[in-house]
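Asks: Starting off with a structure, shown below.
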Amino acid sequence: MVIPSKLTHLEGLLNLFHDSAAGGYSGVPRTYRCIAANYYWKGMKKTAGLC
């Protein structure tokens with residue numbers, strides 16, 4: 001699913017994947033891969049802290 005990079009809830013989406021009970025804290029690269037499997041937005045790596 002492609003979502004707008006200016007979406008006001010991006011931080012919430014990142015926190016949801018980062019803090020999920022199923023995954024727990026898995027580090028930035030693993031959290032990024034989980035999000036990228038379902039979502040995309042322009043500048044995604046930068047937003048996730050990988051750049």
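Asks: Just need a number here: residues in region 29-50 that are loosely packed, with under 14 Cβ neighbours inside 10 Å and at pLDDT below 80.
Replies: Total satisfying the criteria: 2.
Asks: Could you tell me which of the residues LEU13, LEU7 is at pLDDT below 75 and out of contact with any Cys (no Cβ under 7 Å at 6 or more places or on another chain)?
Replies: Going through LEU13, LEU7 in turn, the sole match is LEU7.
The values are calculated or read from the model by the stated rules, or taken from the named source; none is laboratory data. Worth saying up front: this structure is predicted, and the values here are computed from it rather than measured. Here the Cβ is made from the backbone with ideal geometry for all residues, glycine too, and neighbour counts use every protein chain on show.
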